[in-house]
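Each reported figure results from applying straightforward, stated rules to the coordinates on display, with no laboratory input. All values reported here derive from a predicted model rather than from experimental measurement. As a convention, Cβ positions derive from the backbone with ideal geometry for all residues, glycine included, and neighbour counts pool all protein chains shown.
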Amino acid sequence: MILAIDPGNKESAYVVMDEQLKPLEFGKVENHELLRLIERIEEKPYTVSYCAIEMVACYGMPVGKEVFDTCVWIGRLYQEAYNRIPRLGFIYRADVKENLCYSMKAKDGNIIQALIDRFAYGVPNKGKGTKKDPGYFYGFKADIWQAYAVGVTYADLYLK
């Protein structure tokens, strides 16, 4: 199992996926709640062997307080995972774009479409399905897609 995290300065998105990259658990929660989730990861009915966290990179442009706050949270999440999950790694946004879209010009929408094409090709409603008939990506929104992209990229680059 892989725990993939798209960190933020106040909230972070996460996805736990199985060996076939099927999402089992996901959400966007306050960072303190995600710390508690990692702290109790061993109580889950599955074993998480890998953790992938999106890492901030410098692209030469000035950044604000939110980016530095996110960096602090990346460190806190990494440290909590380090104590409980055997293998950890950082995934940069550039890695995600190149791996899923083969282009550094890719945007969030391109990444989402690449995930849909790979895991729910031809399925209506972006593979989400409905409440009555949930699809592969049922419940996914905003940053959860990006956390999933981090996990898929980690698996593609380091586990295949």
Trypsin sites (Lys or Arg not before Pro) lying in DSSP loop within the stretch 23-120, provided at most 11 other Cβ fall within 10 Å: Arg40, Lys105, Lys107
Total formal charge among the other residues, if their Cβ is under 11 angstrom from that of Glu54, Lys/Arg +1 and Asp/Glu -1: -2
Long-range amide H partners of Gly27 with built H, under 5 Å: Tyr14
From phi via Karplus (6.51, -1.76, 1.60), per-residue ³J(HN,Hα) for the stretch 23-31 in Hz, x at Gly/Pro: x, 9, 8, 7, x, 10, 9, 4, 4
Positive minus negative residues near Ile112 (Lys, Arg vs Asp, Glu; Cβ under 13 Å): +2
DSSP-assigned coil residues among chymotrypsin sites (Phe, Trp or Tyr not before Pro) in the stretch 1-58, each with at most 16 further Cβ atoms within 10 Å: Tyr46
Built amide H within the under 5 Å cut-off of Leu88, gap 5+: Cys51
In the stretch 92-160, the chymotrypsin sites (Phe, Trp or Tyr not before Pro) that fall in loop regions by DSSP, at most 13 other Cβ within 10 Å: Tyr102, Tyr121
Estimated vicinal HN-Hα couplings, Hz - the stretch 127-144 in sequence order (Karplus 6.51, -1.76, 1.60; Gly, Pro = x): x, 7, x, 10, 4, 6, 9, x, x, 4, 9, 4, x, 5, 7, 5, 5, 5
Contour minus Cα-Cα distance for Gln20 and Glu66 (0.36 nm per residue): 13.2 nm
Alpha-carbon spread of the stretch 1-91, three principal axes, descending order, Å: 43, 24, 22
Percent of alpha-carbon pairs separated by more than 21 Å within the stretch 64-148: 48 percent
Computed E for Lys132/Gln79 - FRET, C-beta separation, R0 45 angstrom, nearest 0.05: 0.60
Formal net charge of residues neighbouring Lys10 (Cβ-Cβ distance under 14 Å; K, R +1; D, E -1): -4
222 nm mean residue ellipticity, helices alone, for the chain (DSSP H n ≥ 4; -39,500 (n - 2.57); rounded to 500): -12000 deg cm²/dmol
Length-normalised contact order for the stretch 1-134 - Cα pairs under 8 Å, 6+ apart - percent: 21 percent
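Could you tell me which of the pairs Lys10/Lys107; Lys28/Lys128; Lys97/Lys141; Lys22/Lys132; Lys22/Lys44; Lys107/Lys131 are separated by over 25 angstrom between their Cα atoms in the structure shown?
Check vs 25 Å cut-off fails for Lys107/Lys131.
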